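Presented below is the structure to which this report refers.
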Amino acid sequence: MDTSNLTIETNNLYLKSIKEEYKNDIFREFTAEITTHMFPKPAKKIEETIEFIKTSIKENKEGSNFQIVILNKQNGDFIGCGGVHHIDRKTPELGIWIKKSAHGNAYGKETITALKKWTDENLDYDYLLYPVAADNYPSRKIPELLGGKIAREYDITNMSGKKLHILEYRIYPTDNYVENKKNI
Ligand SMILES: CC(C)(COP(=O)(O)OP(=O)(O)OC[C@H]1O[C@@H](n2cnc3c(N)ncnc32)[C@H](O)[C@@H]1OP(=O)(O)O)[C@@H](O)C(=O)NCCC(=O)NCCS
């Protein structure tokens, strides 16, 4: 499925397939503070951000990724990035980051809940992966809200050289979507 030109509308947000026009927002907002509990590290040069966006657009077109930007529905302001990665596998992986100034509005929860619904409606999958650092409490609340269960734990060293203990939540398809698909 080509996911390079999709828009999902939620109560407060638009989730849109990533585009190069958001390069300055992503470069400015994807900071060391934001990546504290994440595997990737912030870009030093905007060329790195442009490369990330180009690769994501290619993967979206090929149907292996659904990388999005998150925008405020009222004023179009950039809020963050997220996605459903490896959508060509039976166990795709969820990702999310919200810019610092927009924390505290549950935009992360709103985004992941919408991406889960999109996945239920569009993909045939076994479960969604949500790997999160054990001490990233705001993030852990998201898979827990969606009924996710910790199925695996492991340690990694992220690209900034920091050791993280990862809890891998699994979020299963919502039954009625499974039933519907069976009847298609
Ligand atoms: C993870 C993230 C997307 C969550 O954003 P959000 O859903 O908008 O979350 P909010 O800021 O509204 O906070 C969500 C909950 O965490 C709680 N919370 C916030 N900071 C907290 C902290 N330091 N310790 C414990 N709980 C905290 C909030 O009170 C809120 O609780 P509630 O749901 O009971 O009201 C956001 O924190 C973020 O972008 N972090 C940096 C990038 C990152 O770590 N991404 C996830 C990688 S797995």
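Rounded to a whole number, what % of the accessible area of the chain do carbon and sulfur atoms account for, probe 1.4 Å?
50
For region 7-182, the per residue solvent-accessible surface stands at 52 Å², with DNA, RNA and ligands left out and a 1.4 Å probe.
Taking a straight line from the alpha carbon of Lys16, these lysines sit under 21 Å away, with near neighbours fewer than eight places off in the same chain left out: Lys54, Lys58, Lys61, Lys73, Lys99, Lys100, Lys109, Lys116, Lys117. If you take the Cα centroid of region 1-80 and the Cα centroid of region 120-161, the two points sit 19 Å apart. Annotation: aspartates and glutamates with alpha-carbon distance below 14 angstrom to Lys90 (same-chain offsets under eight excluded): Asp120, Asp124, Asp126.
Annotation: amide H-H contacts under 5 Å for Leu13 (H modelled 1.01 Å from N, sequence separation of 5 or more, or interchain): Lys73.
Taking all Cα pairs closer than 8 Å and separated by 6 or more residues, the relative contact order of region 7-182 comes to 19 percent. Of the residues Ser17, Ser160, Ser101, the one that moves most in a GNM of the chain with alpha-carbon contacts below 10 Å is Ser101. Computing FRET efficiency as 1/(1 + (r/R0)^6) for Glu121 and Thr157, where r is the C-beta to C-beta distance and R0 is 45 Å, gives about 0.80.
At full extension, Ala32 and Asp88 could sit 17.1 nm farther apart than now, given 0.36 nm per residue minus the alpha carbon distance.
The slack in the chain from Met1 to Phe39, taken as 0.36 nm per residue of separation less the alpha-carbon distance, amounts to 11.0 nm. Stretching Lys54 away from Ala102 to a fully extended chain increases their span by 14.7 nm, per 0.36 nm per residue minus the current alpha-carbon distance.
The values are calculated or read from the model by the stated rules, or taken from the named source; none is laboratory data. What you are looking at is a predicted structure, and each value in this text was computed from that prediction instead of being measured. For neighbour counting, all protein chains shown are included, and Cβ atoms are generated from backbone atoms with ideal geometry for every residue, glycine included. Quick note on the areas: whole protein, heavy atoms, side chains included, nothing else; ligands and nucleic acids left out. Shrake-Rupley method; radii C 1.70, N 1.55, O 1.52, S 1.80 Å.
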